[in-house]
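The values are calculated or read from the model by the stated rules, or taken from the named source; none is laboratory data. Please read all numbers here as calculations on a predicted model, not as lab measurements. Please note: Cβ atoms are built from the backbone with ideal geometry, for glycine as well, and neighbour counts cover all protein chains shown.
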Amino acid sequence: MSTIRLLPPNLINQIAAGEVIDRPSSVIKELCENALDAGATSLLIQLKDAGKSLISVTDNALGMSRDDLEKAVVRHATSKIPDDNLFNVSSLGFRGEALASIGSISRLSIHSRSPEDDHGWCIHVYGGDVQASSPSTVLKSHGTCVEVRDLFYATPARLKFMKSNASEMSSHVEVVQRLALVSPHVFFKIIHEEKTIFEVFPESHENRVLNVLGQKFADNAVVLDACVGDVGISGFACVPTYNQSQASEQFFFVNGRPVKDKLLHVAVKIAYQDYVPHGRHGACCLFIQLPKELVDMNVHPAKIEVRFQRSQEVRDAVISVIKAHLGSAQGFTSTHLSEAAISSFERDAHVSNNPYPSHNYSRRGSSFSAQSSHALMQFQSRYQAPSMPLPQPPFQEKEDIASFEQSFDSGVLGVAKAQLFNAYIISQGEDGFYIVDQHACAERITYESLKREMDEGGVKKQSLLIPVIVSCTGTEQEQLLSMANDLSSFGMDIEGFGVRDIAIHSVPALLKDADYSQLIKDILADLKEGEGSGGMLKTHLLQRLSTIACHGSIRFGRRLSEYEMNALLREVEKTPFSEQCNHGRPSYLKLSRGDLERLFERT
Ligand code: ADP
Ligand code: MG
């Protein structure tokens, strides 16, 4: 006798709900997506007890007729795949299971009214039990209001996995923010227990990004806009000096759909890896546009993952577009560096009993709009001409400048004025001054030139008249010899010497007088930490080489002549990513004239 049986429809819906509705914010996501698919331009989300007792979403779209309303709560009923072609879907939903799933695990009520009807209709589903539809007077004009009460009451096991109200609320806001980022023409409002906690009005796409992601993000963002083959990429990437401990400020959208995709996260990690400290993450908001047939949206029940048909192409496009745009944003370092510098000056001022007004340089939230348009203007002018050479001052003014300045061409970083502690160069640019860490800059310059040599066919070598012998263990010798080919392309020819040691016959030309045995020890340490493996090897070796090369050049603690200082500044301006050293630390920071005026209360 067979023991296999067909499951009852409500159990099927509850099983689907297990994947589609994994926490309360998934309900918000599905209901908002439905409203946006229906063409809503206004979404009001109301919550009680962080959504645990009530989630309601009201929209102003065209609503549903009585007949559609009855079908909407049935599983696999959808209006969104008209030609039965899954690759021709442009809506956010298409699986036809959200409302059926939600209805199976909660008390669901939908009121909807279409423009043709003079009143609305409503339907209730209690734990999967669909009630007869009836007239409704809740809606005064067309639209839909979906109310979900007592979520998971029908599947109590799930109730145990609910997190604290604060955690559920932050998940709700995140879900709505992601949708708001791709729907700038739509009004969104979240009210929790009578309190407005998120609100955005219809606006331009740039303003929406600014309002949702905040002033700090905007102040540090570079606009992206490029097409690589079939892959269109627009949006924003923040300068590397603005980095976070988590990848939480990375937002991805594929063909207008918010996604969380590992491939895209990895691509961003690679794009930033040379420029942010180990374990830190860049911030970005990427809108990726691809021909529909190249993306499979149907790989995840909640539709937050996608599969790219030519994934390598997408990955490479993301990496190259971010790198190219960040490279062209030369001279643009994170605003939080100068803010930190100013506040440390301010702390000193407090110590000396100077009653200082406390500034709040970055603000988010309700009082945002006036400020944000100003920030947007600054932000636009900044990215439009990030690396323009500064205009020369008019002739009369130029004569006032001390004569030595005229002998140096000035760039964005201006003219060197002084050196402090044999380590920092102070230079004056057109509208501010810079504090430049000479060692960090020299490191980046060497690193970038080694990279260039690598790309152009290998690092230039210098043969050693007498080979340098480095003592190792037997295993270390074996490890190093297995990498001999790689090391050779980095300019280092090695050979076994005796049973344990290594003989170095040539070194990178840039590294003439370095401590080679230290270099070998560093490489071995990298290998032990597993960091020398795969694609990371090249990056690590180059970083090691450039660090060592710098110890021989403009080392921390060397006095520089004016000529050397200015030559270094010009070199920095020419070098991509010179805003940070190879370890991702900032290499210079800027204080504007306005910052100084603020410090001395001249404003
Ligand atoms: P899907 O969105 O995948 O089609 P759902 O279960 O979420 O599946 O919704 C079923 C159907 O109900 C949708 O295809 C749509 O026709 C209709 N619908 C749901 N929400 C709304 C709404 N807010 N306004 C108009 N129609 C809606
Ligand atoms: Mg849906």
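Observations
- Test: Val74 is in contact with a helix residue (DSSP H, G or I) (Cβ under 7 Å, 6 or more places away or on another chain) and surrounded by fewer than 22 Cβ atoms within 10 Å (Cβ to Cβ): yes
- When the stretch 47-87 is filtered for residues that are assigned to a strand (DSSP E or B) and more than 6 Å from ligand 1 (Cβ to nearest atom), the ones remaining, listed by number, are Leu47, Lys48, Leu54, Ile55, Ser56, Val57, Thr58.
- Ser26, sole failed condition from (1) closer than 14 Å to Leu151 by Cα; (2) in contact with an Asp or Glu (Cβ under 7 Å, 6 or more places away or on another chain): (2)
- Qualifying residue in the stretch 162-171 (condition: farther than 30 Å from Val73 by Cα and not in a loop (DSSP other than H, G, I, E, B)): yes
- Of all residues in the stretch 17-32, those being surrounded by fewer than 21 Cβ atoms within 10 Å (Cβ to Cβ) and within 14 Å of ligand 1 (Cβ to nearest atom) number 1.
- One residue stands out in the stretch 88-121 among those that are in contact with a helix residue (DSSP H, G or I) (Cβ under 8 Å, 6 or more places away or on another chain) and assigned to a strand (DSSP E or B): the one that is farthest from ligand 2 (Cβ to nearest atom), namely Trp121.
- Search result, residues across the stretch 273-320 that are under 21 Å from Ser90 (Cβ atoms) and free of Cβ contacts under 8 Å to residues at least 12 places away in the same chain: Val299, His300
- Among residues that are among the polar types (S, T, N, Q) and crowded, with 17+ Cβ neighbours inside 10 Å, Gln419 is included.
- Count of residues meeting criterion [away from ligand 2 (no atom under 15 Å from the Cβ) and either of a type in the set (D, E, K, R) or within 36 Å of the chain's Cα centre (by Cα) (or both)] in the stretch 63-75: 3
- Ile123 fulfils the conditions (1) closer than 24 Å to His185 by Cβ; (2) more than 10 Å from ligand 1 (Cβ to nearest atom); (3) buried (at least 18 other Cβ atoms within 10 Å of the Cβ) except for a single criterion, (1).
- Residues (among the hydrophobic types (A, V, I, L, M, F, W, C), within 14 Å of ligand 2 (Cβ to nearest atom) and part of a helix (DSSP H, G or I)) located in the stretch 5-46: Ala16, Ala17, Val20, Val27, Ile28, Leu31, Cys32, Ala35, Leu36
- Any hit, the stretch 477-492, residues being crowded, with 19+ Cβ neighbours inside 10 Å, within 33 Å of the chain's Cα centre (by Cα) and modelled with pLDDT of 75 or more: yes
- All positions within the stretch 135-158 that are within 13 Å of ligand 1 (Cβ to nearest atom), of a type in the set (A, V, I, L, M) and closer than 22 Å to Lys29 by Cβ: Val146, Val148
- Flag for Lys52 being buried (at least 16 other Cβ atoms within 10 Å of the Cβ), under 17 Å from Val148 (Cα atoms), more than 16 Å from ligand 2 (Cβ to nearest atom) and among the charged types (D, E, K, R): yes
- Qualifying positions in the stretch 167-189 - in contact with a helix residue (DSSP H, G or I) (Cβ under 6 Å, 6 or more places away or on another chain) and of a type in the set (A, V, I, L, M): Met169, Val175, Leu179, Ala180, Leu181
- Within the stretch 88-116, tally of residues that are hydrophobic (A, V, I, L, M, F, W, C), closer than 18 Å to Ala132 by Cβ and near ligand 1 (Cβ under 8 Å from one of its atoms): 3
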